[in-house]
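The values are calculated or read from the model by the stated rules, or taken from the named source; none is laboratory data. All values derive from a computational prediction rather than experimental measurement. Note that each Cβ is placed from the backbone with ideal geometry, even for glycine, and that neighbours are counted across all protein chains shown.
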Amino acid sequence: MSAALESNPGVPASARARHFVALGTILRREIRRILRIWGQTLVPPAITMTLYFVIFGKLIGAKIGTVQGVGYIDWIVPGLIMMSVIQNAYGNISSSFFGAKFGRYVEEMLVAPMPPWVVLTGYVLGGVARGLMVGVIVLAIAMVFTRVSLHHAWVTLSTFVLATTIFSLAGFVNAVYAKKFDDIAIVPTFILTPLTYLGGVFYSVAVLPPFWQRVSEFNPILHMVNAFRYGLLGVSDVPIGTAYAVMLGLVVVLGAVSIVLLRRGVGLRS
Amino acid sequence: MRTPALEVEGLAKTYANGVTALAGVSLAVAEGDFFALLGPNGAGKSTLIGIVATLVNPSAGRVRVFGRDLASEREACLDQIGLVPQELNFNQFETPLEILRNAAGFYGVPRRLATERAERRLRELQLWDKARVPSRTLSGGMKRRLMIARALMHEPRLLILDEPTAGVDIEIRRSMWQFLKRINEAGTTVILTTHYLEEAEQLCRHVAIIDHGRIVEHTSVRELIGKLDVETFIVDLAGPAESIPALDGIEVRRLDAATLELDVHRGQDLAAAFATLNRHGIGVRSMRNKANRLEELFVRLTGPAASTSGRAA
């Protein structure tokens, strides 16, 4: 324990306890940010998803019939929730962390006695929190249009946590390397959106030719959407075990990359 | 001898673009000291502070904070340091109260204690009435004071300020000086970089002058001033004088009919010079230093003449 803290009554003596205070501080700051700019963080997904449900669910979906034995509007609910959740988790951390870099207030954390895992976990939990808020909003909208079922609660919950963690970590890596605001828009526009639309949100990959089915299996979003769909509806295009392996693998790889970047101070220290 | 608050040894930094900001700096700051780090723009002051605060990775050398090695005991060292950077680096959308509570939280200070400390610091620095407004609406001086308050939230033993009074008016500057003096008297070691040499002369006990990444002087402010062998005074006469008598070796220049500029070397008797003027019927109305004394020395140590004289690091 440092001498400063020895004469600092009220501050936890153990480093672990101080780290948890720091972690809570970052998470609280992230949640306050999400709520402060709710017009940018919570309203857009509500509007977009309402349009998706009206157009794809009600108007076009009524003519499609069923997919894997489920009505089309019910079938797209898990994909639409997952699409909103991962886009918002990604967007939250990439814009928040890059904003902290751009405004230089990331230095508040860099000069504090926090190990990299505290900074990373705080921001990732912020991304998960935004995903949860958006997920609840989209779920509420879905319930206006159809009846939402829940087949496997733990699969649903764990897939939600893993997917938001993966895209929060990816958003973090993006923010670390970004030098200008344009850099945090490139990945969502050119990578995230195409992968989402090709990730089985609106169609079952079973309708694709075998070659494109194989190609689609390399799209991690396909695994997340289908695991989530399995949790809610009990149907999936991919084996659940494979989906979990892909998600856990991505968490480990992206988590390790993020920690190394923070430890080396890439894009943060000169 | 007590462990120095800060000790740097052979510190060097060459940036990726090839610019060498520090070329082997060594210095020690005693615990409880009020220490000035002076130098022209680009001398390496901010790089040195950046390395101590872990915002800049050194190319070589080591840093010890209260005897602990920064590289191997980073968290323990950072616990002891409060940093006030030169550039504003807080979230301008947050309120001062929120900024301070968050800063404390990053150091592990629980929320309730952080709120108490934030209120105390905001009151001390006359910011309490702005506690709940977005910080972007604060004036420049208020933003500077907010950064000082933030650096003190975890009650560090070493406070480092990088040009904290840059751009603030004289009244605010003097109130900040009083505050920093109180902090120092309460036991906090203070290191200050500044362009206002009067600030160093008023506040600091020891000083290091850095230029081109090297320490060119490291001594007490008193000794530094003692090294001045010439001081220049502006003398306002009671009325226009037709001619000026010789003043016993003091070099005299006439600025206008009623104003003189005198170069006075150490040991020369200014009172005798005034007596000579009096004997010739020339009265003196007032006198002032042409420039701040430290400023004269600073220019001599870091100016072009110093560069060509091959001064030692």
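Each residue in the range B:106-125 was checked for being facing chain A (nearest Cβ under 7 Å), crowded, with 24+ Cβ neighbours inside 10 Å and in a helix (DSSP H, G or I), and 1 of them qualify. The single condition from (1) within 13 Å of another protein chain (Cβ to nearest Cβ); (2) surrounded by 15 or more Cβ atoms within 10 Å (Cβ to Cβ); (3) not acidic (Asp, Glu) that A:Gly10 fails is (2).
Going residue by residue through the range B:34-41, is there one that turns out to be over 21 Å from B:Pro164 (Cβ atoms) and either within 10 Å of chain A (Cβ to nearest Cβ) or of a type in the set (A, V, I, L, M, F, W, C) (or both)? Can you show your working first?
The first filter runs over the range B:34-41 and keeps only residues over 21 Å from B:Pro164 (Cβ atoms), leaving none.
No - not one qualifying residue is present in the range B:34-41.
In the range A:107-164, of all residues being under 20 Å from the mean Cα position of the chain (by Cα) and of a type in the set (Ser, Thr, Tyr), the one that is surrounded by the fewest Cβ atoms within 10 Å (Cβ to Cβ) corresponds to A:Ser158.
Check whether at least one residue in the range A:200-221 is more than 25 Å from A:Val77 (Cα to Cα), surrounded by 13 or more Cβ atoms within 10 Å (Cβ to Cβ), under 16 Å from the mean Cα position of the chain (by Cα) and not polar (S, T, N, Q), and report yes or no. No, because not a single residue in the range A:200-221 is more than 25 Å from A:Val77 (Cα to Cα), surrounded by 13 or more Cβ atoms within 10 Å (Cβ to Cβ), under 16 Å from the mean Cα position of the chain (by Cα) and not polar (S, T, N, Q).
For the range B:251-273, which residues satisfy the criterion of being aliphatic (A, V, I, L, M), in contact (Cβ under 8 Å) with a residue 12 or more places away in the chain and loosely packed, with under 14 Cβ neighbours inside 10 Å?
Passing the criteria: B:Leu255, B:Ala257, B:Ala272.
Give the residue, chosen from B:Leu122, B:Leu127, that is modelled with pLDDT of 95 or more, in the same structural domain as B:Glu198 (by TED's automatic domain parsing) and farther than 17 Å from B:Thr189 by Cα.
On the way: B:Leu127 fails: modelled with pLDDT of 95 or more.
Result of the check over B:Leu122, B:Leu127: B:Leu122.
One residue is enough: does the range B:47-56 have a residue meeting the conditions out of contact with any Leu (no Cβ under 8 Å at 6 or more places or on another chain) and surrounded by fewer than 20 Cβ atoms within 10 Å (Cβ to Cβ)? Scanning the range B:47-56, I find no residue that is out of contact with any Leu (no Cβ under 8 Å at 6 or more places or on another chain) and surrounded by fewer than 20 Cβ atoms within 10 Å (Cβ to Cβ), so the answer is no. Flag: A:Ala17 matches the condition of being hydrophobic (A, V, I, L, M, F, W, C), at pLDDT 85 or above and closer than 25 Å to B:Leu152 by Cβ. Taking the range B:1-18 as the range and being within 11 Å of another protein chain (Cβ to nearest Cβ), of a type outside the set (S, T, N, Q) and loosely packed, with under 15 Cβ neighbours inside 10 Å as the test, the residues that pass are B:Tyr15, B:Ala16.
Among the residues of the range B:19-31, those that are assigned to a loop (DSSP other than H, G, I, E, B) and either β-branched (Val, Ile, Thr) or within 14 Å of chain A (Cβ to nearest Cβ) (or both) comprise B:Val19, B:Glu31.
Evaluated against (1) more than 14 Å from every other protein chain (Cβ to nearest Cβ); (2) not in a helix (DSSP H, G or I), A:Trp75 falls short on exactly one condition, (2). A:Arg264 meets all of the listed conditions (1) away from chain B (no Cβ under 14 Å); (2) at pLDDT below 95; (3) within 30 Å of A:Val111 (Cβ to Cβ) but one, namely (1). Of all the residues in the range B:73-105, those that are surrounded by 24 or more Cβ atoms within 10 Å (Cβ to Cβ), free of Cβ contacts under 8 Å to residues at least 40 places away in the same chain and within 7 Å of chain A (Cβ to nearest Cβ) number 3. When residues in the range B:156-189 are screened for being in contact (Cβ under 8 Å) with a residue 24 or more places away in the chain and assigned to a loop (DSSP other than H, G, I, E, B), 11 of them pass. Take the conditions (1) modelled with pLDDT under 85; (2) assigned by TED's automatic domain parsing to the domain that holds B:Ala28; (3) of a type in the set (Asp, Glu); B:Asp248 misses just one of them, which is (2).
Any residue in the range B:274-288 that's touching a residue at least 24 places away in the same chain (Cβ under 8 Å): show its pairings with residues that are charged (D, E, K, R) at Cβ separation under 9 Å, as long as the two are six or more apart or on different chains. Qualifying pairs under 9 Å: B:Thr276/B:Asp248; B:Val284/B:Asp236; B:Arg285/B:Asp236; B:Ser286/B:Asp236; B:Met287/B:Asp236; B:Arg288/B:Asp236. B:Glu217 meets all of the listed conditions (1) over 30 Å from B:Leu301 (Cα atoms); (2) in contact (Cβ under 8 Å) with a residue 40 or more places away in the chain but one, namely (1). Residues of the range B:40-91 that are in a strand (DSSP E or B), of a type in the set (Val, Ile, Thr) and touching a Pro at 6+ places or on another chain (Cβ under 8 Å): B:Ile81, B:Val84.
Can you spot a residue in the range A:165-186 that is of a type in the set (A, V, I, L, M, F, W, C), more than 30 Å from B:Gly50 (Cα to Cα) and crowded, with 18+ Cβ neighbours inside 10 Å? Among the residues of the range A:165-186, at least one is of a type in the set (A, V, I, L, M, F, W, C), more than 30 Å from B:Gly50 (Cα to Cα) and crowded, with 18+ Cβ neighbours inside 10 Å, which makes the answer yes.
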